[in-house]
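Engineer: Quick one: the structure is below, questions incoming.
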Amino acid sequence: SVPPASLRATDKIQRDIEHSLKLSGLFYDRRKNYYKNSGKPAAKIVSIPLMAQSLMTLLRGEPDNARARPSSLIKNDAVYSALFSDEHPLDAYVFAAVMIKRIETALKRRSELSARDRNNLRFYVLYWTSGWALKKVNMSAGTFSGVNPASISDADIENAIDEVSSEFDLAGNSDQTAKGPDFKQTIKQKLQKNIEAHFKAKA
């Protein structure tokens, strides 16, 4: 059987994303393992499913579904079209790719986290890091127009890991926790409180 991502690989939007990511030093694996076989480092390669998961997190605010149903994001035509659209600024795809790779690298540096922990946390950390940087709990593709991911510091990512992993431990620290809507709501509510406290402190 042909993987769902391979059926989408020739779409114009996928070619546009590949070109945009290359300008940012990343390699979009539109053709499975093409860049791996070309000797590019794994830390610089972004797959179509990973992009879909990152977009589901940022554009729809659903890190739980990003964690639980990666392949269905590409199989479902309506969901795919909402995530991968010519109407979205290419900045949104670049932002998603750069940030998820930075977050994966940061999570790997945390010796206290297992591979399972990293897999469960990464999209929640992406959501928190991005939402905190933009001071929004609800984001859309247009939110990222003109936003340079380099404006987000490593310290912001580390803080997001601390915040999310702490809540994750309290919520049960399991695959089911990461895949369920309750933890998503916990993270959204905590982020909203932190944003409100930030603005109150500045007032």
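The values are calculated or read from the model by the stated rules, or taken from the named source; none is laboratory data. Every value quoted in this text rests on a predicted model; they were computed, and no experiment measured them. So basically every Cβ, Gly included, is an ideal-geometry build from the backbone, and we count neighbours across all protein chains shown. To get the accessible areas, we keep the full protein, side chains included, count just its heavy atoms, and leave off ligands, DNA and RNA. Shrake-Rupley method; radii C 1.70, N 1.55, O 1.52, S 1.80 Å.
Engineer: Select from region 173-203 the residues that are among the aliphatic types (A, V, I, L, M), farther than 20 Å from Met56 by Cα and touching a residue at least 12 places away in the same chain (Cβ under 8 Å) and list them in ascending order.
Structural biologist: Residue satisfying the conditions is Ile195 alone.
Engineer: Outside any helix (DSSP H, G or I) and open to solvent by less than 60 Å² (accessible area, probe 1.4 Å) - does that describe any residue in region 101-110?
Structural biologist: Yes - at least one qualifying residue is present in region 101-110.
Engineer: Sticking with this one: Looking at region 61-91, which of the residues that are under 11 Å from the mean Cα position of the chain (by Cα) and in a helix (DSSP H, G or I) is surrounded by the fewest Cβ atoms within 10 Å (Cβ to Cβ)?
Structural biologist: Selected residue: Arg67.
Engineer: Identify all residues within region 115-148 that are polar (S, T, N, Q) and closer than 14 Å to Lys184 by Cβ; write none if there are none.
Structural biologist: Asn120, Asn138
Engineer: In the list Ala78, Ala92, Ala68, Ala106, which residue meets the criterion of being free of Cβ contacts under 8 Å to residues at least 24 places away in the same chain and either touching a strand residue (DSSP E or B) at 6+ places or on another chain (Cβ under 9 Å) or among the aliphatic types (A, V, I, L, M) (or both)?
Structural biologist: Result: Ala78 is the single residue among Ala78, Ala92, Ala68, Ala106 that is free of Cβ contacts under 8 Å to residues at least 24 places away in the same chain and either touching a strand residue (DSSP E or B) at 6+ places or on another chain (Cβ under 9 Å) or among the aliphatic types (A, V, I, L, M) (or both).
Engineer: If I ask for residues that are within 17 Å of Asp86 (Cα to Cα) and among the polar types (S, T, N, Q), which ones from region 14-53 would you list?
Structural biologist: Scanning region 14-53 gives Gln14, Ser20.
Engineer: Something else about it: Considering only residues that are among the hydroxyl-bearing types (Ser, Thr, Tyr) and open to solvent by less than 30 Å² (accessible area, probe 1.4 Å), look in region 24-60 and name the one that is farthest from Val125 (Cα to Cα).
Structural biologist: Residue satisfying both the conditions and the ranking: Tyr35.
Engineer: Separate question: Quick one: is Val147 within 15 Å of Met99 (Cβ to Cβ) and either among the aliphatic types (A, V, I, L, M) or surrounded by 13 or more Cβ atoms within 10 Å (Cβ to Cβ) (or both)?
Structural biologist: Here the answer is yes, as Val147 does meet what is asked.
Engineer: Now for a different question. Are there any pairs, at least 6 apart or on different chains, whose C-beta atoms fall under 8 Å, with the first in region 150-172 and within 14 Å of Ala133 (Cβ to Cβ) and touching a residue at least 24 places away in the same chain (Cβ under 8 Å) and the second polar (S, T, N, Q) and open to solvent by 20 Å² or more (accessible area, probe 1.4 Å), and if so, which?
Structural biologist: Between residues of region 150-172 that are within 14 Å of Ala133 (Cβ to Cβ) and touching a residue at least 24 places away in the same chain (Cβ under 8 Å) and residues that are polar (S, T, N, Q) and open to solvent by 20 Å² or more (accessible area, probe 1.4 Å), the close pairs are Glu163/Asn194.
Engineer: Let me ask something else about it. With respect to Ala197, determine if the residue is buried (at least 16 other Cβ atoms within 10 Å of the Cβ), in a helix (DSSP H, G or I) and modelled with pLDDT of 95 or more.
Structural biologist: Spelling it out, it is not the case that Ala197 is buried (at least 16 other Cβ atoms within 10 Å of the Cβ), in a helix (DSSP H, G or I) and modelled with pLDDT of 95 or more.
Engineer: Of (1) acidic (Asp, Glu); (2) closer than 22 Å to Arg69 by Cα; (3) buried (at least 17 other Cβ atoms within 10 Å of the Cβ), Glu18 satisfies all except one. Which?
Structural biologist: (2)
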